[in-house]
Structures are given as C-alpha cells and as structure tokens.
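A.B. asks: I'd like to ask some things about the structure below.
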Ligand SMILES: [Zn+2]
C-alpha cells in the first residue's frame, strides 16, 4: 500500500512541466517564484553577478545592471534550480520575455556571429 504513495510522489512535476512546455506558457508556480527569490540572497548569486557580465550578449553592465533569468522560463515548466538560472542584462531579459524560444536562439546567433 505504501508503494502507491511513492509512485504518486515520483511522478510529480516533471511530466507536467513537459506538457506545459508543449502547450505554451502556463501559470508560474508560486513555489518556484519563491525559490528564485531565495536564490537571489545567496552567495552563489552574488558571485554570479559580481563580474557584471550578461550571460547572453556578454556585455558588461555591472552587478546592478543584471537580472535573474530562467533559461527555461517558469511559465514554460522551468524550475528555479541553479542550472536553469543565469545573470542577464535587462535588455536581454526583456527581449527574451516576448520572443519565442526559436526566435531567441536566432537572436543569440545574430549577436555571436554578427552579419557582415
Ligand atoms: Zn545581455
């Protein structure tokens, strides 16, 4: 009997997260928002922004010019885990917010290999 409960626990968020990603943005789980907020207070995050460099465009904007960005947005089933979080300048963060993932990839390519 105890076995059933274990199963229920195990298939918690991941399968659902993937479905969300396919269906498009969904509601952001409050729990993940809170986790992101907590991460902002850690030495890990301070170290990440200390260099003041944007993860995406590589611009140096200083620690105060950086924002926390989820590589996979929370609304797409991403989580507030360290591997999913980078420091991005406000410009990149804004841009990424309204672009589709594929468009964002294109943008990143364009700044890494500027057209001549
Ligand atoms: Zn940037």
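A.B. asks: Does the range 41-72 hold any residues that are away from the ligand (no atom under 16 Å from the Cβ) and either under 13 Å from the mean Cα position of the chain (by Cα) or on the phi > 0 side of the Ramachandran plot (or both), and which are they?
C.D. replies: 72
A.B. asks: Would you mind finding the one in 55, 64 that is assigned to a loop (DSSP other than H, G, I, E, B) and either out of contact with any helix residue (DSSP H, G or I) (no Cβ under 9 Å at 6 or more places or on another chain) or at pLDDT 95 or above (or both)?
C.D. replies: 55
A.B. asks: Picking from 110, 80, 75, which residue would you name as being without any contact (Cβ under 8 Å) to a residue 12 or more places away in the chain and more than 10 Å from the ligand (Cβ to nearest atom)?
C.D. replies: Working: 80 fails: without any contact (Cβ under 8 Å) to a residue 12 or more places away in the chain; 75 fails: without any contact (Cβ under 8 Å) to a residue 12 or more places away in the chain.
So the residue among 110, 80, 75 that is without any contact (Cβ under 8 Å) to a residue 12 or more places away in the chain and more than 10 Å from the ligand (Cβ to nearest atom) is 110.
A.B. asks: Specify the residue that is farthest from residue 32 (Cα to Cα); the eligible residues are those in the range 70-97 that are in a strand (DSSP E or B) and modelled with pLDDT of 95 or more.
C.D. replies: The first filter runs over the range 70-97 and keeps only residues in a strand (DSSP E or B), leaving 70, 85-89.
Remaining after also requiring modelled with pLDDT of 95 or more: 85-89.
On the way: 85: 12, 86: 15, 87: 17, 88: 19, 89: 21 Å.
Once the filter is applied, the top-ranked residue is 89.
The values are calculated or read from the model by the stated rules, or taken from the named source; none is laboratory data. A quick note: this is a predicted structure, and the numbers were derived from the prediction, not measured. In this analysis, Cβ positions are derived from the backbone assuming ideal geometry, glycine residues included, and neighbour counts consider all displayed protein chains.
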